[in-house]
Amino acid sequence: MGKVISIWSAGGGVGKTAVAIALAENLKKNRKTVLADFKEITPHVHRHFNLPLTDKSDIYEAVLNDQNLEEVMEKHLHRKNGLWIMTGFGLDSFMEFEARHFSAVLDFLRKEFDYVVVDTYGGIFLSSVYSALKHSDVIFAVSTQEAVNIEDTAEMIGFVSSRWVIDKNKFKVIINEMLDKKSAELEFIQKALENEIFFVRQGQKNVVRDVGRIVKTLFCEPQGKRFFLKEVKLGGVN
Ligand SMILES: Nc1ncnc2c1ncn2[C@@H]1O[C@H](COP(=O)(O)OP(=O)(O)OP(=O)(O)O)[C@@H](O)[C@H]1O
Ligand SMILES: [Mg+2]
């Protein structure tokens, strides 16, 4: 069974998709990884990879009729440079899909992949978010360094973990677009959040670097480590 990792936030536009892409691109190096777009209504991932947004009504029908998803999922999975991508759910799907449909998709994906990276909508109002967080082994709550955003994040993690019965330890916080760690009120941030905190600096290259560091800290399993070391050694010889 694969691990489900959701990228979520209290508010919008904080860098969830940027982090989700960097995370998936990093995990794919050692493991079969899929990036699933669960930002229902206005999905964005397909745009980043120049992919068509496929109509998902066949998934809805398959779940409704208790059919195996295998036959219908093939159409919605695309491979780009070794990363698998499942495109999102537009407005038509939003009108039909409920939590059980999203859950069926995640159950299928975690059987097929080692890592399922799920890019979600911010907030708590959609069944796709509920399903993603309920299925997750790890949830990254992305926030900016602004006090109001930190406070919202802490409050939402508390609310979601108690109301939806999700282990609070599954939540890790990513403070994105750190401008200057020295000027940030680190003491305030650490006091407000009970969860493990990671920092991602501003700039596209920093997103890749800093998310790479998070992957090494949290997901470097023995097999992955061996692979990584071997790669470095070979590089040295050449
Ligand atoms: N660390 C960063 N440094 C520089 N730019 C960033 C960083 N993180 C995100 N961005 C940029 O900020 C914008 C918003 O990011 P993104 O789309 O990932 O946010 P989001 O949380 O997924 O938004 P939405 O809630 O609409 O889905 C994008 O243009 C993205 O490239
Ligand atoms: Mg997004």
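The values are calculated or read from the model by the stated rules, or taken from the named source; none is laboratory data. Fair warning: this is a prediction, and the values are worked out from it, not measured in the lab. A quick note on method: Cβ atoms are made from the backbone with ideal geometry, for glycine too, and the neighbour counts reach across all protein chains shown.
Points to keep in mind about this one:
Conditions tested, residue by residue: (1) surrounded by fewer than 18 Cβ atoms within 10 Å (Cβ to Cβ); (2) within 13 Å of ligand 1 (Cβ to nearest atom); (3) not aromatic (Phe, Trp, Tyr).
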{"site": "Val116", "(1), (2), (3)": "no, no, yes"}
{"site": "Ser128", "(1), (2), (3)": "no, yes, yes"}
{"site": "Ser136", "(1), (2), (3)": "no, no, yes"}
{"site": "Val148", "(1), (2), (3)": "yes, no, yes"}
{"site": "Val165", "(1), (2), (3)": "yes, no, yes"}
{"site": "Asn169", "(1), (2), (3)": "yes, no, yes"}
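- Of the helices (runs of 4 or more DSSP H) lying entirely inside the stretch 51-104, those carrying at least 1 residues that are β-branched (Val, Ile, Thr) and at negative phi are 57-64, 70-73.
- Any chance Ala99 is buried (at least 18 other Cβ atoms within 10 Å of the Cβ), modelled with pLDDT of 95 or more and more than 10 Å from Phe38 (Cβ to Cβ): no
- For the criterion of being more than 9 Å from ligand 1 (Cβ to nearest atom) and β-branched (Val, Ile, Thr), Val14 fails.
- Only residues that are exposed (fewer than 13 other Cβ atoms within 10 Å of the Cβ), within 17 Å of Met86 (Cα to Cα) and modelled with pLDDT of 95 or more were counted in the stretch 57-70, giving 0.
- Among the residues of this structure, Thr54 counts as one that is crowded, with 16+ Cβ neighbours inside 10 Å and modelled with pLDDT under 95.
- Residue ID - farthest from Val14 (Cα to Cα), chosen from residues in the stretch 118-164 that are at pLDDT 95 or above and among the acidic types (Asp, Glu): Asp137
- The stretch 1-46, subset of a type in the set (S, T, N, Q), closer than 16 Å to Phe140 by Cβ and more than 13 Å from ligand 2 (Cβ to nearest atom), residue surrounded by the most Cβ atoms within 10 Å (Cβ to Cβ): Thr33
- Verdict on Val116 being among the aliphatic types (A, V, I, L, M), in contact with a helix residue (DSSP H, G or I) (Cβ under 9 Å, 6 or more places away or on another chain) and not in a helix (DSSP H, G or I): yes
- Among the residues making up the stretch 47-62, a single one is basic (Lys, Arg) and either touching a Cys at 6+ places or on another chain (Cβ under 8 Å) or within 16 Å of ligand 2 (Cβ to nearest atom) (or both): Arg47.
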